[in-house]
Amino acid sequence: MVAMSRLNRDQLVQLAKSEISEITSRDLKDWQDQHKPMTLVDIRERDEFVQGHIPDAVFIPRGYLELQIEQHQPDRGAPIVLYCAGGVRSALAARNLKEMGYAHVISLIGGFNGWKNAGHGFKVPTVLTEAQRLRYSRHTLLREVGETGQIKLLEAKVLLIGAGGLGSPAAMYLAAAGVGTLGIVDFDVVDYSNLQRQLLHGTKDVGRPKVESAADRILDINPDVQVIPHNAPLTSTNAFEIIRNYDIVVNGSDNFPTRYLVNDACHLLGKPLVDGSIFMFEGQLTVYVPEQPELGITGGPCYRCLYPEPPAPGEVPSCSEAGVLGVLPGIVGSMQAVEVIKLILGIGEPLIGKLLLIDTLYMSFRTLKVQRNPDCPLCGEHQTVTELIDYDQFCGFPGREHVVA
Ligand SMILES: [Zn+2]
């Protein structure tokens, strides 16, 4: 072995490569396609990274690698793939991570240039502006979000069904969090009786279309957000057309026909649905994700797995008859925003196959497991609901006995 003090550049690289593993871009692509667990790290400089990077890579510039790697991968036994532009800097960096005790550090042969020249796809990231770095600094400090996560949020498109009690906190928190596109479906105008809970709208907005006052409020919170108003009732005629353009749907509707329509449309389009409902002092929250084996998504039950058909009109009290605690939608709608952000970032465990029951009078939170129903008319073995249905308009919240069934 050559003495350390006498190594020239080429010898040092040689030595590093003899101590680490390397991977070809072809094999790395296979690993990615097979969803093999690994931490892929781009160690180039910021100006290189922003011109394009390998999908799913985290960005840790070489100078910060040893200082930040533990935040991204504390497990010394987990595979870490490093890449630079041509495969030299990453080989040297890999050797340093080995010294830190990382057992499976792999350097990409040929680096990003080799990957690109082999014709594999790459991503050109949006970069945060100085103003955005400041605005989202409390997010980017979180390892689970980081700058990459914040960019995902900015690129995400979320549709809110309703700008009412649930839609208000959901929209405001998603806007503040930097979710870049918020569509809002609502054809109502602001009424005095809304102001007890619908914080998107103020006293000065009474009589205005809700989508307009919502857009004003959202843009005041965060001018980064593009608000797309859909000032029309959601029906079987327009539901696909509207929902198709979004990544995730937040259900804040207060009536059964819309609830079934949104569930069916989201399922048929393969869109995740963050569902919430409120009644008097009680709230419910769950996430419906349709199974998509071709995308490796297991999914869970849908709304119809729990409630195959709507109850007959008259079986449930109307919202205006029953009343609702004004703070309650603030809790449930904020939780819907949390679930949306988790889905966008792919962090934590979304409420798929779980129904959260909230009772604010006793401040009790219970989570029930909900299974897919093989007899579900929408996602079961014998699908009978294959197109969208407009049920008669009525309002309410299913009783407990339905929930625990
Ligand atoms: Zn189902």
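So, in segment 280-298, exactly how many residues are in contact with a Cys (Cβ under 8 Å, 6 or more places away or on another chain) and either closer than 15 Å to ASP254 by Cβ or buried (at least 24 other Cβ atoms within 10 Å of the Cβ) (or both)?
1
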**Prompt:** Any residue in segment 260-271 that is among the β-branched types (Val, Ile, Thr), more than 18 Å from GLY380 (Cβ to Cβ) and in contact with a Pro (Cβ under 7 Å, 6 or more places away or on another chain)?
**Reply:** no
**Request:** Go through segment 281-293 and count every residue that is more than 11 Å from the ligand (Cβ to nearest atom) and modelled with pLDDT of 95 or more.
**Result:** 8
**Request:** Residues being within 16 Å of the ligand (Cβ to nearest atom), modelled with pLDDT under 95 and either of a type outside the set (Gly, Ala, Ser) or in contact with a Leu (Cβ under 8 Å, 6 or more places away or on another chain) (or both): count how many of those fall in segment 294-335.
**Result:** 7
**Item:** Residues of segment 363-387 satisfying the condition of being modelled with pLDDT of 95 or more, more than 15 Å from the ligand (Cβ to nearest atom) and part of a loop (DSSP other than H, G, I, E, B)
**Value:** MET363
**Complete:** Here the qualifying pairs (Cβ atoms under 7 Å; residues six or more apart or on different chains; first in segment 364-375 and of a type in the set (D, E, K, R); second more than 16 Å from the ligand (Cβ to nearest atom)) come out as ARG366/LEU357
**Request:** Using the structure shown, decide if ILE228 is away from the ligand (no atom under 16 Å from the Cβ), among the β-branched types (Val, Ile, Thr), closer than 24 Å to LYS152 by Cα and assigned to a helix (DSSP H, G or I).
**Result:** no
**Asked** Restricting the search to segment 170-188, which residues are more than 13 Å from the chain's Cα centre (by Cα), surrounded by fewer than 24 Cβ atoms within 10 Å (Cβ to Cβ) and not hydroxyl-bearing (Ser, Thr, Tyr)?
**Response** MET172, ALA176, GLY183, PHE187, ASP188
**Item:** Condition met for ASP205 (more than 17 Å from the chain's Cα centre (by Cα), surrounded by fewer than 19 Cβ atoms within 10 Å (Cβ to Cβ) and without any contact (Cβ under 8 Å) to a residue 24 or more places away in the chain)
**Value:** no
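Would you point out the residue of segment 349-362, among those that are among the hydrophobic types (A, V, I, L, M, F, W, C) and over 18 Å from LYS271 (Cα atoms), that is nearest to the ligand (Cβ to nearest atom)?
So, considering only residues that are among the hydrophobic types (A, V, I, L, M, F, W, C) and over 18 Å from LYS271 (Cα atoms), the one nearest to the ligand (Cβ to nearest atom) is LEU355.
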**Complete:** If we ask which residues in segment 56-94 are farther than 21 Å from LYS123 by Cβ and polar (S, T, N, Q), their number turns out to be 1
**Asked** Hey, any hits in segment 241-249 for a residue that's basic (Lys, Arg), under 30 Å from ALA312 (Cα atoms) and without any contact (Cβ under 8 Å) to a residue 40 or more places away in the chain?
**Response** yes
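The values are calculated or read from the model by the stated rules, or taken from the named source; none is laboratory data. Since the structure is predicted, the reported quantities are computational estimates derived from the model, not experimental observations. Quick reminder, even Gly has a Cβ in these numbers, built from the backbone with ideal geometry, and neighbours come from all protein chains shown.
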